[in-house]
Amino acid sequence: MKILVAEDDDLMLKMLEFRLKKDGHEVIVTHDGREAMDKIDQLMPDVVITDIMMPYFSGLEIIGAVKTKYPGIMPVIIISGMGQESVVLEAFQLGADDFITKPFSPNELSVRVKRFEKSFFT
Amino acid sequence: MISSPLFVLASLVVSLHTLGLVILIFTNLILLILAFMLFFMLWKGTHEKNHDRYRLISGLLIRRAVFYDDQIDPETGIPGTKKATRLMVNKVFRKLFTEELISAKKNIAGMAAENLKYLYHQLKLESFALKKLNSAHWHTKAKAIQELTLMDMRELKDDLFVYTNDKNEYVRMEAQVAVVQFNGFEGLRFLDSITYAISEWQQIKLLHKLSNLPPAHIDISGWLKSPNTSVVVFALKLARNYHGFEMHDVILTCLDHPDPQVRLQAIHCLGEIYNDETSVHLISRFWRDDVRHQLAIIKALQNIGSEKDNIFLSTLLGNDDYDLKLNAARALASSGLKGFALLVEYNDADLVLNDIITQVRGELAA
């Protein structure tokens, strides 16, 4: 699958890229919300993984934009340190398909992304 | 007259000489500045190149640890760390690497996090942190304690315990959080001997840390009698949060504590930890304290009050304070049918009270 990752922390971004490439995915990395929005429109990834707190556009705004422009065809997974109930609820209300709170296990991320792989091919 | 052209000539020569000197000085100054700028740019360039190289090495090492799936051999550890071990003597690399390692540890859980902890230990970074504990600067100490806590260096919990009563507030706070993280409820034994006050914020942090742990039986009776009033307040919060019903009688004694903050916290606590006599004790102390305490008592009575408290509560309906009236009305309404009937029947020309009664009826209906 083609996965777009939006994360402003360089170290985290590299780790996510490494893990996802190890699982055989094509990975598009972006460092902020604006770059993420642009690349989503240009490259049409199969899955979007995004942090919430980012420059220019937040992860929640990205969910809103993706679900409006590409309803039902582009799952969005949130990875965030903001695990408060209100934030999680808002993300799901906006249409997020999954929410992973930091600290998270890379193996867990791998398994969660695989779920969308299965539904992608069925 | 004859000397005058000579004088002019002489003056001219002197002026030219001075001018030349000035020009020379300025030229030298400019050359010096240019030389300094060149040197600085060269140094900066080298520094940035090194920094980029260190970041690359650091990132690779951390990723290797995070994604290392095999069982770690205690003799060899995580492979590929020889270069990093040699670089650890370099203060710049060590600082950068430690910061990135800590940042990664904060974001990663599970086996990957364990590997990061192992890497920290393998590169002996805790020894550098321990050295910083001897620093004269409080911020260096506090940062070192925070680092050891984040990297989960439990084996150093005894080394950190001594700092739970450090004279510096930030060092104390970090050490207290550390011992609670490492020892759970057992870590709270620093409350036995702490002489400094525990701030409200620190109490919140500690309670938050404890909330992630499974509940454990803790004996807080000693802390409720502590000469440190912040310890008493914190112990009351623990009693409330962990349903210390066996502490009820000791908590009652806190209603007579000389410190108003302790008395207030005791009232809040008794709103959760009570028996059928608790309301009597609260009401008997009602008029001794200020409005803040009175309000807290009435709010507690909303939860623990019964019909025997109705007469007292109905006397408050005529009070001048709006909040007291409103909460007394709520307490009456929640005490039972008789209390609600008393509220409804209360005959007074006070429009405010009528509005309050209407509001409370609405709250009950909702």
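The values are calculated or read from the model by the stated rules, or taken from the named source; none is laboratory data. The model shown is predicted, which means the values in this text are computed figures rather than measured ones. In this analysis, Cβ positions are derived from the backbone assuming ideal geometry, glycine residues included, and neighbour counts consider all displayed protein chains.
Among A:Met54, A:Met1, A:Met15, which is the only one that is over 25 Å from B:Asp69 (Cβ atoms) and at pLDDT below 95? From the options A:Met54, A:Met1, A:Met15, the qualifying one is A:Met54.
Every condition in (1) modelled with pLDDT under 95; (2) within 15 Å of A:Lys2 (Cα to Cα) holds for A:Val76 except the one numbered (1). With the condition kept exactly as written, say whether any residue in segment A:41-57 is free of Cβ contacts under 8 Å to residues at least 40 places away in the same chain, buried (at least 18 other Cβ atoms within 10 Å of the Cβ) and within 22 Å of A:Gly95 (Cβ to Cβ). So far as segment A:41-57 goes, yes, one or more of its residues are free of Cβ contacts under 8 Å to residues at least 40 places away in the same chain, buried (at least 18 other Cβ atoms within 10 Å of the Cβ) and within 22 Å of A:Gly95 (Cβ to Cβ).
The number of residues in segment B:74-126 being β-branched (Val, Ile, Thr) and more than 14 Å from chain A (Cβ to nearest Cβ) comes to 6.
Summed over segment B:58-84, the residues that are in a helix (DSSP H, G or I), in contact with a Lys or Arg (Cβ under 7 Å, 6 or more places away or on another chain) and surrounded by fewer than 16 Cβ atoms within 10 Å (Cβ to Cβ) give a count of 0.
Does any residue of segment A:14-31 turn out to be within 11 Å of the chain's Cα centre (by Cα), buried (at least 21 other Cβ atoms within 10 Å of the Cβ), more than 14 Å from chain B (Cβ to nearest Cβ) and within 18 Å of A:Ser80 (Cβ to Cβ)? Yes, segment A:14-31 contains at least one residue that is within 11 Å of the chain's Cα centre (by Cα), buried (at least 21 other Cβ atoms within 10 Å of the Cβ), more than 14 Å from chain B (Cβ to nearest Cβ) and within 18 Å of A:Ser80 (Cβ to Cβ). A single member of B:Lys105, B:Lys95, B:Lys117, B:Lys82 is among the charged types (D, E, K, R) and farther than 20 Å from A:Leu11 by Cβ, and it is B:Lys82. Among all positions in segment A:71-81, there is at least one residue which is surrounded by fewer than 20 Cβ atoms within 10 Å (Cβ to Cβ), within 14 Å of another protein chain (Cβ to nearest Cβ) and within 25 Å of A:Lys114 (Cβ to Cβ).
Among the residues of segment A:49-83, those identified as of a type outside the set (D, E, K, R) and part of a helix (DSSP H, G or I) are A:Gly59, A:Leu60, A:Ile62, A:Ile63, A:Gly64, A:Ala65, A:Val66, A:Thr68. Among the residues that make up segment A:57-69, is at least one of them more than 14 Å from chain B (Cβ to nearest Cβ) and among the aromatic types (Phe, Trp, Tyr)? Yes, segment A:57-69 has at least one match. Within segment A:101-119, identify whether any single residue is in contact with a Leu (Cβ under 8 Å, 6 or more places away or on another chain) and without any contact (Cβ under 8 Å) to a residue 40 or more places away in the chain, and answer yes or no. Within segment A:101-119, not a single residue is in contact with a Leu (Cβ under 8 Å, 6 or more places away or on another chain) and without any contact (Cβ under 8 Å) to a residue 40 or more places away in the chain. Residue count for segment A:84-122 satisfying the condition of being within 14 Å of chain B (Cβ to nearest Cβ), surrounded by 13 or more Cβ atoms within 10 Å (Cβ to Cβ) and not in a helix (DSSP H, G or I): 6. Restricting attention to segment A:37-56 and to residues that are under 11 Å from the mean Cα position of the chain (by Cα) and closer than 19 Å to A:Ile100 by Cα, the residue that is nearest to the other protein chains (Cβ to nearest Cβ) turns out to be A:Asp51. When segment B:55-68 is filtered for residues that are free of Cβ contacts under 8 Å to residues at least 24 places away in the same chain and either in contact with a Phe, Trp or Tyr (Cβ under 8 Å, 6 or more places away or on another chain) or facing chain A (nearest Cβ under 9 Å) (or both), only B:Arg63 remains.
Residue-level check: of (1) closer than 28 Å to A:Lys102 by Cβ; (2) of a type in the set (Asp, Glu); (3) surrounded by fewer than 16 Cβ atoms within 10 Å (Cβ to Cβ), B:Asp158 misses just (1).
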